[in-house]
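Written below as structure tokens is the structure these notes are about.
The values are calculated or read from the model by the stated rules, or taken from the named source; none is laboratory data. All of these numbers come straight from a predicted model, not from anything done at the bench. Note that we place each Cβ from the backbone using ideal geometry, even for glycine, and neighbour counts take in every protein chain shown.
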């Protein structure tokens, strides 16, 4: 049973995390820009990719440089106060027509940028293009026929683009008259279809381009590029509305209003979850700092997103009883803690919806967009892009202990439940003498030999917790004979 905390205690718990207030990215000389991240008829909230060095790539109508004279939504990048114009519109041969940028994806090192943009100022359909930010001129599109696209995702290594397109004829077998899923290999300039039974949505791709997650017909799918095989993750249910895969391909974050995906979830509200890509485990991540469930929909406005290893998950939800505006939340799955990131320097929640979170591969930086009037000085009046820096110490937090430990006195083995982000045996150490000495695990289950070990002496911990007290380990209440 989960117990309610008074609102004042709950709010103090979510702002006492040491996280600095969001910093305004879309600004010039201290003034907020105009219509960043998709407004004024140029689309809805759009995620702003952020790299491990703090560089942010975002859409804006503001001409932040003298070279930007097209009056269009363009792509900018850079650390705070040092924005660089990297939009397709300014990098094509002179006279080439183009329109507003609609979405952007970036490789982890920033060397490859994928842009979904409109062909002309009045073009009703966005198209796809790939560019090198250091190049002066780039190709308009890598895809024959310049098809319409309704979703793009670029792999972290920049090797593969996955896209959704309703345009028939991109491959000889495509004539079904509905959106289809494709992946494009940059190295050999090949476009390949991914078979789907319904129109795909919410597509993302892992770091190496080998694993693609998408939603079709309310079901969560995983596509193995190398094996050309699609798996439906039945444990995610049949009402998935958005999903994203971790860079390492181990976890998928998704949103769903379906009850019963985890024990105790029967409120009929949308929640954010993570699931292993093999479908073996589902965890709810939309949990308040108090440990309670959200009493408003969580994760339904925008899909939840993950760090490279799946440790950090960001999702969108309101704070029940305190603010009707959607806030940006961070769930640290290793520490089982939740924090609100859309909090001003004066400890006030954002007064307008916050949307479209994005997280750096390493997990230190998070971006989101909002038209909140209380997150910047001077106050913003249109949607802006904000950056949250968790700081380097967050990445060194000691992981929690495994939650369960099993003993087999006949086979002389011990086994434990993996901690999220630590899913190989060599990530763990085993002690048979109450924590006096430790040895690296060779397997899970792990054979310990035909030994007599007293109750309370068998312990397992994550190796990253070395040097901590025994309390940071899971202890077996029984022993071995």
Given the conditions (1) touching a residue at least 60 places away in the same chain (Cβ under 8 Å); (2) over 12 Å from residue 254 (Cα atoms), every one holds for residue 302 apart from (2)
Inset, instruction - Consider residue 286 carefully, then state whether it is without any contact (Cβ under 8 Å) to a residue 60 or more places away in the chain and surrounded by 22 or more Cβ atoms within 10 Å (Cβ to Cβ). - result: yes
(1) crowded, with 23+ Cβ neighbours inside 10 Å; (2) part of a strand (DSSP E or B) all hold for residue 355 apart from (1)
- Message: Based on this model, can you work out whether residue 212 counts as touching a helix residue (DSSP H, G or I) at 6+ places or on another chain (Cβ under 9 Å), part of a strand (DSSP E or B) and buried (at least 23 other Cβ atoms within 10 Å of the Cβ)?
- Response: no
*Determine, yes or no, whether residue 117 is in the same structural domain as residue 157 (by TED's automatic domain parsing), in a strand (DSSP E or B) and modelled with pLDDT under 75.*
yes
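Can you tell which of 438, 418, 447 is surrounded by 12 or more Cβ atoms within 10 Å (Cβ to Cβ), modelled with pLDDT of 80 or more and out of contact with any strand residue (DSSP E or B) (no Cβ under 7 Å at 6 or more places or on another chain)? Give the steps one after another, and end with the answer.
On the way: 438 fails: out of contact with any strand residue (DSSP E or B) (no Cβ under 7 Å at 6 or more places or on another chain); 447 fails: out of contact with any strand residue (DSSP E or B) (no Cβ under 7 Å at 6 or more places or on another chain).
Matching residue, one of 438, 418, 447: 418.
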Of the residues in the range 363-395, those that are under 17 Å from the mean Cα position of the chain (by Cα) and in a loop (DSSP other than H, G, I, E, B) come to 363, 364, 390
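Tally the residues that are touching a residue at least 24 places away in the same chain (Cβ under 8 Å) and either over 12 Å from the mean Cα position of the chain (by Cα) or not assigned by TED's automatic domain parsing to the domain that holds residue 316 (or both), restricting the search to the range 236-247. First the steps, then the outcome.
Residues of the range 236-247 that are touching a residue at least 24 places away in the same chain (Cβ under 8 Å), as a first pass: 236-237, 240-247.
Next, only the ones that are either over 12 Å from the mean Cα position of the chain (by Cα) or not assigned by TED's automatic domain parsing to the domain that holds residue 316 (or both) stay: 236-237, 240-241.
Count: 4.
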From the option list 360, 325, 350, single residue qualifying as assigned by TED's automatic domain parsing to the domain that holds residue 281 and under 20 Å from the mean Cα position of the chain (by Cα) is 360
When every residue in the range 337-350 that is in contact with a strand residue (DSSP E or B) (Cβ under 8 Å, 6 or more places away or on another chain) and not in a strand (DSSP E or B) is compared, the one nearest to residue 394 (Cα to Cα) is 341
Checked 427, 412, 389 against criteria (surrounded by fewer than 20 Cβ atoms within 10 Å (Cβ to Cβ), farther than 30 Å from residue 107 by Cα and modelled with pLDDT of 80 or more); the one match is 412
Only unsatisfied item for residue 63, checking (1) buried (at least 18 other Cβ atoms within 10 Å of the Cβ); (2) modelled with pLDDT under 55; (3) more than 22 Å from residue 356 (Cβ to Cβ), is (2)
The one condition residue 237 fails out of (1) surrounded by fewer than 20 Cβ atoms within 10 Å (Cβ to Cβ); (2) touching a strand residue (DSSP E or B) at 6+ places or on another chain (Cβ under 9 Å) is (1)
For the range 149-177 the number of residues that are over 23 Å from residue 308 (Cβ atoms) and part of a loop (DSSP other than H, G, I, E, B) is 14
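Can you find a residue that is touching a residue at least 60 places away in the same chain (Cβ under 8 Å) and either closer than 22 Å to residue 356 by Cα or touching a strand residue (DSSP E or B) at 6+ places or on another chain (Cβ under 8 Å) (or both) anywhere in the range 215-226?
Among the residues of the range 215-226, at least one is touching a residue at least 60 places away in the same chain (Cβ under 8 Å) and either closer than 22 Å to residue 356 by Cα or touching a strand residue (DSSP E or B) at 6+ places or on another chain (Cβ under 8 Å) (or both), which makes the answer yes.
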Reported set for the range 178-194 where residues are assigned to a loop (DSSP other than H, G, I, E, B) and modelled with pLDDT of 90 or more is 178, 179
Restricting attention to the range 462-475, does a residue exist that is assigned to a loop (DSSP other than H, G, I, E, B), surrounded by 12 or more Cβ atoms within 10 Å (Cβ to Cβ) and at pLDDT 80 or above?
no
Of 159, 192, 175, 202, the only residue that is surrounded by fewer than 22 Cβ atoms within 10 Å (Cβ to Cβ), within 16 Å of the chain's Cα centre (by Cα) and assigned by TED's automatic domain parsing to the domain that holds residue 306 is 202
